Amino acid sequence: MMLLRTIFDIAVQEKIIQREANPMLNKINKPKQIKKPVEAYTLEEFNLILKLADEDINPTIKLIMNLALLTGIRRGELGGLMWKDVNFDEGYIYIHQAKVDEVGGYVLKEPKTQAGIRKIYVPQRLLTVLKEAEHQYKLNKLKYGKDFKDEGFVVSKPNGEGYSLFGISNNYQRFMSRHTDEIRYLKFHGLRHTYASVLIENGENPKTVQHNLGHADVALTLQIY
């Protein structure tokens, strides 16, 4: 195929034939785009993970797993979520920034597209988990006093310092290691895929899924899931 195209291209260049007479125009077969299967947990695994997280020895993992599985936010968005962005009265979290690890610290960056700035209304289960975590945050603030680093991040260490993205991943990997006999391992991003898959399987409007994921176009959401 490529040899024929080259021959006819030369014929056009040498003015042996007109360009419009080139039979090879638009004849190149493009490789088919093969849709990769999304790596996500099943609904049964979804419920089991939440149960294991609730009972885990590390209270931080309960917060991380509930946020990830019940909102679908990215790891950077999870790390950048602050208490001022949680609206308990109206039942939503406001996503407008993501944490990015840097040498010696971190930076907070706005989403790449306007669609990334969004309110995600969350189930009562997650609101309860968030209220418990906020209460513990306030208790830690009293306990540590002047040594408390009041950074305001939802996912934070007992001294108030927000977790780095590496720290969030480390919490996740250790949790999964503790339960290797009960649940298969997927990368952290698989929790986001799981959230979307569970919503779609339960008949949620694709536009709602698109909005919550922060996709710019519903076609992208449907293409993935």
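Readers should treat all values here as calculations from the given coordinates under stated rules, not as data from a laboratory. These numbers were taken from a predicted model, which means no experiment stands behind them. No Cβ is skipped: glycine too gets one built from the backbone with ideal geometry, and neighbour counts run over all protein chains shown.
Using a 7 Å offset from the Cα along the Cα-to-Cβ direction at both LYS109 and LEU142, what is the distance between the two label points in nm, to one decimal?
4.0
Are there chymotrypsin sites (Phe, Trp or Tyr not before Pro) in the range 78-146 that DSSP marks as loop and that have at most 14 other Cβ atoms within 10 Å, and which are they?
Working: sites: TRP83, PHE88, TYR92, TYR94, TYR106, TYR121, TYR137, TYR144; in loops: PHE88.
When the chymotrypsin sites (Phe, Trp or Tyr not before Pro) of the range 78-146 are filtered for loop state and at most 14 Cβ neighbours within 10 Å, PHE88 remain.
Would you mind computing Rg(Cα) / (2.2 N^0.38 Å) for the range 118-225, counting N as its residues? Working shown, then result.
Working: Rg = 17.3 Å, N = 108, 2.2 N^0.38 = 13.0 Å.
Ratio of Cα Rg to 2.2 N^0.38 Å: 1.33.
Note down the net charge around GLU151, summing +1 for each Lys or Arg and -1 for each Asp or Glu among other residues with Cβ under 15 Å from its Cβ.
Working: positive: LYS84, LYS99, LYS138, LYS141, LYS146, LYS149, LYS157; negative: ASP85, ASP101, GLU134, ASP147, ASP150, GLU161.
Local charge sum for GLU151: +1.
What list of whole percents do you get for P(r) of the chain, with Cα-Cα distances grouped in 10 Å bins up to the one holding the largest distance?
The percentages, shortest bin first, are 7, 27, 29, 13, 7, 8, 6, 2, 0.
Where Lys and Arg each count +1 and Asp and Glu each count -1, what net charge lies around ILE168 among other residues with Cβ under 12 Å from its Cβ? Could the numbers behind the result be given before it?
Values: positive: ARG74, ARG75, LYS99, LYS157, ARG174; negative: GLU77, ASP101.
For residues surrounding ILE168, the net value is +3.
May I ask for the longest run of the chain untouched by GluC sites (Glu not before Pro) that are loop-located per DSSP and have at most 15 neighbouring C-beta atoms (other than their own) within 10 Å? All intermediate terms of the calculation are to be shown ahead of the outcome.
On the way: sites that count: GLU14, GLU39, GLU90, GLU151, GLU161, GLU182, GLU204.
That gives 91-150 as the longest site-free run.
If the chain between ARG178 and ILE57 were fully stretched, how many nm would it gain, using 0.36 nm times the residue separation less the Cα-Cα distance? If you can, show how the numbers build up before the last one.
Working: separation 121, 0.36 × 121 = 43.56 nm, distance 0.99 nm.
42.6 nm is the gain from fully extending ARG178 to ILE57.
Give the shape of the range 62-111 as rounded, prolate or oblate, defined through the alpha-carbon gyration tensor: a ≥ b ≥ c are the square roots of its eigenvalues, a/c under 1.5 means rounded, and otherwise the shape is prolate if a/b is larger than b/c and oblate if not. Display every interim value, and only then the final one.
On the way: a/c = 2.25, a/b = 1.59, b/c = 1.42.
Note, shape of the range 62-111 comes out prolate.
For the chain, what is the relative contact order in percent, using Cα pairs closer than 8 Å and at least 6 residues apart in sequence? Can you show the working numbers first?
Working: 276 pairs, mean separation 53.4, N = 225.
Worked out over the chain, it gives 24 percent.
Give the longest segment of the chain that steers clear of trypsin sites (Lys or Arg not before Pro) in DSSP loops with at most 15 neighbouring Cβ atoms within 10 Å, not counting the sites themselves. Don't skip to the end; give the middle numbers.
Values: sites that count: LYS15, LYS27, LYS32, LYS35, LYS112, LYS149, ARG184, LYS187.
The reported range is 36-111.
Go ahead and estimate [θ] at 222 nm for the chain from helices alone: -39,500 (n - 2.57) per DSSP H run with n ≥ 4, summed, over the residue count, rounded to 500. The partial results should precede the final answer.
On the way: 9 runs with 107 residues, N = 225.
Taken over the chain, the calculation gives -14500 deg cm²/dmol.
What percent do you get for the relative contact order of the range 87-187 when only Cα pairs under 8 Å and 6+ apart count?
Details: 94 pairs, mean separation 19.5, N = 101.
Answer for the range 87-187 is 19 percent.
Tell me whether the range 79-178 comes out rounded, prolate or oblate; compute the Cα gyration tensor, take square roots of the eigenvalues as a ≥ b ≥ c, and use a/c under 1.5 as the rounded threshold. List each step's numbers first, then the result.
Working: a/c = 1.37, a/b = 1.10, b/c = 1.25.
It is rounded, given that a/c, with a ≥ b ≥ c, falls under 1.5.
Give, as a single signed number, the net charge of other residues whose beta carbon lies under 14 Å from the beta carbon of ASN47, with Lys and Arg counted +1 and Asp and Glu -1.
Values: positive: LYS51, ARG125; negative: GLU44, GLU45, ASP54, GLU55, GLU182, GLU201.
Overall, the nearby charge balance is -4.
Past 20 Å, Cα to Cα: identify those pairs from LYS62/LYS131; LYS149/LYS187; LYS84/LYS187; LYS109/LYS138, in the order given.
The pairs that break the limit, which is 20 Å between Cα atoms, are LYS149/LYS187; LYS84/LYS187; LYS109/LYS138.
Which of GLN210, GLN173, GLN13 ends up with the largest GNM mean-square fluctuation for the chain, with Cα atoms connected below 10 Å?
Maximum among the listed residues: GLN13.
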